[in-house]
Amino acid sequence: MLSNMSRCERIEVPSPDPLKREALAIEKKKMLRLLSEVAMVGNTKSTEQGLISTVLPLLKLLSLAIFGLILGHKKTQIVPKETFKLLSKLVFALFLPCLIFIHLGQSITLDNFMHWWFIPVNVLLSTLVGFVLGVLVVIICRPPQEFTRFTIIMTAFGNTGNLHLAIVGSICHSIDQPFGPDCKRNGVAYVSFAQWVAVILVYTLVYHMMEPPMEYYEVVDEREKVEEECGQQEDNGVSRPLLVEAEWPGIEDKETENSKTALVARIFNSVSNLSLANGPDVENDIHDTADDPEPIRCLAAPKVVKKMRTVAEQTPVQHILQPPTIASLFAILIGMVPHLKAFTFGYDAPLSFITDSLEILAGAMVPSVMLILGGMLAEGPNESKLGLRTMIGISVARLFVLPLLGIGVITLANKMNILVEGDHMYTFVLLLQYTTPSAILLGAIASLRGYAVSEASALIFWQHLLALISLSLYIVVYFKMFSFS
């Protein structure tokens with residue numbers, strides 16, 4: 001037995017053939033190479049799918065806009081301009097308020113109200129950054145002197161309403177969106193919560209900045225008189241561009257005797273007696289004491305106060321309380337009171353049949369807005385005296401430079417722990433405020449003030465076409481940022 005064990009111990013395992021070892025090594029390398037290629041193909045496919053899922057929502061919106069363009073084009077005239085204007089009134093007075101009330105009312109609470117404070121602040125920040133960019137565009141591009149303020153305004157004030165809601169709605173309609181099951185409700189709530197700040201800015205600061213320049217007032221005034229005489233025989237409102245009423249229906253009813261005058265310039269310009277004959281007698285009571293030199297110092301402060309009061313009286317603050325703003329106020333009020341919220345929202349709420357009806361109406365908002373945008377683009381750009389260099393400067397600054405600065409602002413805010421942690425939709429809406437083209441509402445204000453109407457129409461037309469590229473680019477960038485966070 002011992003001899004058998006010693007014999008077994010002496011048995012040696014034969015070493016494999018060197019050729020076989022080399023063949024095994026080659027096979028192993030082939031397998032590793034194959035696996036790496038498969039991984040690369042998988043990464044490429046995932047990247048392509050990511051790009052497709054990012055661009056696809058914009059393609060849906062583009063399709064809706066093309067439908068509107070075909071329906072409203074001059075060669076087809078399937079749907080007349082007056083129908084688009086009626087549709088815009090429905091959006092403004094019914095569909096948009098329903099959408100805001102339903103989603104903002106369900107999302108907001110007292111705790112959320114305290115956490116969402118940076119949303120309206122970011123609107124002010126984006127406007128401020130855009131204002132600085134507008135000044136740089138004026139310095140670099142040197143537009144005609146009468147369009148200096150117009151250049152700054154069109155660079156500073158972007159679309160914060162309907163286009164944001166359309167983008168959010170289209171993205172949340174996708175299956176592979178990265179914002180979770182409450183994507184649309186939260187997104188619409190965030191956008192709606194920012195709208196009231198933009199509305200206040202438009203009806204106060206923008207309204208006065210868009211008044212006709214003082215030195216060109218007589219020219220503008222004479223042109224308006226000629227246009228009014230030529231348009232007396234035309235149907236009321238039919239000849240007005242769709243751009244004017246795309247986001248502010250019924251603007252023709254908002255005009256006052258001072259809407260198309262350089263009111264602020266005349267009031268605060270000490271040598272404005274030349275043009276006082278053309279406008280309202282707003283300074284007679286201010287100059288009554290001008291012959292008496294002694295009380296000038298005592299009356300200096302009251303004069304400034306009186307001028308500011310005159311400007312405030314001519315500011316259309318009553319237009320701030322429009323149906324979308326009222327819907328936001330009601331949604332915030334009901335949403336922050338738990339008993340009212342339980343009574344209004346939810347499957348078992350006593351008023352659920354009303355909120356369900358409002359939600360059905362709200363579903364028509366996004367397609368209607370894009371159809372109106374297509375009808376607006378179907379009219380084509382108007383002639384512009386702004387100059388090609390200035391138009392390119394405004395568009396590049398607004399659509400490509402401002403979003404880069406916005407990424408820096410939001411990144412800094414995130415490092416300061418200002419943003420809502422882990423809420424990508426919150427961050428996306430903040431970034432979107434820097435990304436959209438100039439507000440369509442600026443075209444309505446330009447028409448109301450009689451200042452740069454054709455220039456606003458042309459610039460908004462080309463910006464919205466160029467936004468197809470810029471929005472696609474930056475939404476891809478934003479989604480990549482979310483994937484790494």
So what is Rg over Rh here for segment 120-186, counting just Cα atoms and using Kirkwood for Rh?
1.20
What is the log10 of I(q)/I(0) for segment 388-460, computed with the Debye formula using one identical point scatterer on each Cα and no solvent, at q = 0.14, 0.17, 0.19 Å⁻¹?
-0.58, -0.73, -0.81
Stretch residue 356-residue 124 to full length: gain in nm at 0.36 nm per residue minus the Cα-Cα span?
80.1 nm
In segment 338-485, what percent of the accessible surface is made up of carbon and sulfur (1.4 Å probe, ligands and nucleic acids excluded)?
68
√(5λ) per eigenvalue of the Cα gyration tensor, segment 104-144, largest first, Å:
37, 9, 4
Are there chymotrypsin sites (Phe, Trp or Tyr not before Pro) in segment 110-193 that DSSP marks as loop and that have at most 14 other Cβ atoms within 10 Å, and which are they?
117
Along the principal axes of its C-alpha atoms, what lengths does segment 363-485 span, in descending order and rounded to whole Å?
46, 37, 26
Determine the distance separating the Cα centre of segment 414-481 from the Cα centre of segment 54-99; give it in Å without decimals.
19
Run the numbers on segment 91-158 and let me know its relative contact order in percent, using alpha-carbon pairs under 8 Å that are six or more apart.
31
In square angstrom, what is the accessible area per residue of segment 142-181 with a 1.4 angstrom probe?
37
Whole-Å semi-axes of segment 49-189's equivalent ellipsoid (Cα gyration tensor)
29, 26, 18
List the trypsin sites (Lys or Arg not before Pro) within segment 47-128 that DSSP assigns to loop and that have no more than 14 neighbouring Cβ atoms inside 10 Å.
74, 75
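The values are calculated or read from the model by the stated rules, or taken from the named source; none is laboratory data. Note that the structure is a prediction, hence the values are computed from the model and not measured. Please note: Cβ atoms are built from the backbone with ideal geometry, for glycine as well, and neighbour counts cover all protein chains shown. Ligands, DNA and RNA are stripped out before the accessible areas are found, and what is left, the full protein with its side chains, is counted by its heavy atoms. Shrake-Rupley method; radii C 1.70, N 1.55, O 1.52, S 1.80 Å.
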